[in-house]
Amino acid sequence: GNLRLEPTLSGRNKSLLLRIDHDLNDLLNRVQNIIWNLSPEALHEKGLSYALWKMCDQLKDLRSFHIEFLEMGPVKRLPDTVEILLFRIVQEIVNNAMRHSLAWNINMKMYWSDTQVKIEVKDDGIGRDNASGERKERGMGLRGIQKRAQLIGASVTAEPIAKGTLFVVAHAFTK
């Protein structure tokens, strides 16, 4: 586990803390499995909106935190490559929010217009600057997110907010 036990803790308390640490690691692994195992087939067949809603819906079942998905505007289908990369970008943002920022609440809003799709992911975690130095785990992190966005001409910004971080992913397209 990640837990450093104080030498002054009694055997019972050490045992309890180790159990909590084990349960939290198990939960994080289940979250990561849900996020990474969503199939590109569902994305290909039903589109980006459905895939993001489905990811949020599956994460809600864990009941260890609250995740909300809201969509506004007329939904459009984008080229498969664009939808896959946008989906993977948002997956990584949600994964990072749960794994590194210790967020309890994640709100995802998807805005469609005639010229762009904008996806906002807001969490109430400790923020990027305060997150522990755990880098180079399974995910690609912020550098990978930016590289994926560049491949399709999308933009990704991260702004610290009063409590947490707001990520905005925007992709312009032609009518």
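Observations
- Cα-based Rg / Dmax (Å) for the stretch 60-100: 12.9, 34
- Restraint check, K118/K147; K14/K60; K46/K163; K14/K122; K76/K163; K14/K54, Cα-Cα greater than 28 Å: K14/K60; K46/K163; K14/K122; K76/K163; K14/K54
Since every read-out is calculated from the coordinates, none of them should be taken as a lab result. Just so it is clear, the model here is predicted, and its values are computed rather than measured.
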